[in-house]
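Student: I have a structure I would like to understand better, so I am pasting it below and will then ask my questions one at a time.
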């Protein structure tokens, strides 16, 4: 919107790394506006395009060492005169001016008239379909390694990714595998001792989010008559946990499935100091340990982070679906997403309880990202 008062003017383009006086021109062949500006130094040039002079701007190219001139000095101006554009808009001539010690390096463009030919290449238009990676055995996630591609296609800052990589490597000496994914591209992958593709190591409390997802799938299927029992998140959880009878605390009868997942059930919060793992007798409050036998608060009246509650949720899933939690998760979620590697945690129990998977699991970083 145009305004008559300068005090009401708003910027049409910003760059957190800085902006020198830019040049914007309409490219008739492409029917796009092209904006060029240096963010600081003579080698730090950005080229952007937009359908209108106020944006929204997308990145065509973003350099940190254009022409080998680096950041020492000043990038002053750069522009593409419209009269020097080819009919298709893909061949341009740019006039630019730079100054300082960095500008004397590389192409040595310091304090002189500079003319450079630029060729643009149109990328195929992206499909409206959401990108989803194939299984790792079929190629897996697409990746970006070039800093310019990372900035242009993923709109990420390569320097911040480098800082994150350094932190991951130097923060401690544990084995790990980490990936950063942006717009369907792996833009950072760091490994030490573990493989992001193949090591199904324990993912700790990320298992809780996966368990909630599996329960959501089970609930949806149940409401279409595809499981032995029907379940909604507002249903009472212990109606699906026969192994817990008799209840060690009558208040447990009112706990809902939703409260198991959002840590408002009152079941053995970690703040009690009770171990997170044990036999099913212990988890279900049948060993005499008051921390698992009695609720820490009435259901729905407080919030206490609880690993035990998610173990209960795994049992709910088993009753609703008629199969152990691990088997349902694999069939209904993992295989459908193309996930190929996983591991599960199991708790033992006496004759009444048996052996069942808890919600705990392991998964390679790349496969885990398919759920995230």
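The values are calculated or read from the model by the stated rules, or taken from the named source; none is laboratory data. All figures in this text were calculated on a predicted structure; none of them were measured in a lab. Glycine also receives a Cβ, built like all others from the backbone with ideal geometry; neighbour counts cover every protein chain displayed.
Student: Of the conditions (1) touching a helix residue (DSSP H, G or I) at 6+ places or on another chain (Cβ under 8 Å); (2) closer than 26 Å to residue 49 by Cβ, residue 114 satisfies every one except a single condition; which number is it?
Tutor: (1)
Student: Test of understanding: among 190, 206, which residue is within 30 Å of residue 164 (Cβ to Cβ), surrounded by 15 or more Cβ atoms within 10 Å (Cβ to Cβ) and in contact with a helix residue (DSSP H, G or I) (Cβ under 6 Å, 6 or more places away or on another chain)?
Tutor: None of the other options fit; the residue is 190.
Student: Any residue in segment 151-173 that's closer than 21 Å to residue 192 by Cβ: show its pairings with residues that are not in a helix (DSSP H, G or I) at Cβ separation under 6 Å, as long as the two are six or more apart or on different chains.
Tutor: Once the first residue is closer than 21 Å to residue 192 by Cβ and sits in segment 151-173, its partners that are not in a helix (DSSP H, G or I) give 161/188; 165/190; 168/178; 168/190.
Student: Also, I was wondering about something else. Taking the conditions exactly as written (more than 17 Å from residue 283 (Cα to Cα), buried (at least 19 other Cβ atoms within 10 Å of the Cβ) and outside the structural domain of residue 178 (by TED's automatic domain parsing)), does residue 265 satisfy them or not?
Tutor: Considered against the rule, which asks whether it is more than 17 Å from residue 283 (Cα to Cα), buried (at least 19 other Cβ atoms within 10 Å of the Cβ) and outside the structural domain of residue 178 (by TED's automatic domain parsing), residue 265 comes out as no.
Student: Of everything in segment 356-372 that's under 26 Å from residue 242 (Cα atoms) and in contact (Cβ under 8 Å) with a residue 60 or more places away in the chain, which residue is surrounded by the most Cβ atoms within 10 Å (Cβ to Cβ)?
Tutor: Checked segment 356-372; the qualifying residue surrounded by the most Cβ atoms within 10 Å (Cβ to Cβ) is 359.
Student: Tell me, please, whether a residue that is within 25 Å of residue 154 (Cβ to Cβ), in contact (Cβ under 8 Å) with a residue 24 or more places away in the chain and either assigned to a helix (DSSP H, G or I) or not assigned by TED's automatic domain parsing to the domain that holds residue 155 (or both) can be found in segment 74-83.
Tutor: Yes, some residue in segment 74-83 is within 25 Å of residue 154 (Cβ to Cβ), in contact (Cβ under 8 Å) with a residue 24 or more places away in the chain and either assigned to a helix (DSSP H, G or I) or not assigned by TED's automatic domain parsing to the domain that holds residue 155 (or both).
Student: Would you confirm whether or not segment 288-310 contains a residue that is under 23 Å from residue 228 (Cα atoms) and touching a residue at least 40 places away in the same chain (Cβ under 8 Å)?
Tutor: Yes, that holds for at least one residue.
Student: Name every residue in segment 215-235 that is touching a helix residue (DSSP H, G or I) at 6+ places or on another chain (Cβ under 8 Å) and surrounded by fewer than 16 Cβ atoms within 10 Å (Cβ to Cβ), in order of residue number.
Tutor: 228, 229, 230, 232, 234
Student: How many residues are in contact with a helix residue (DSSP H, G or I) (Cβ under 8 Å, 6 or more places away or on another chain) and either within 16 Å of residue 208 (Cα to Cα) or part of a helix (DSSP H, G or I) (or both) if we restrict to segment 312-333?
Tutor: Final tally of qualifying residues: 15.
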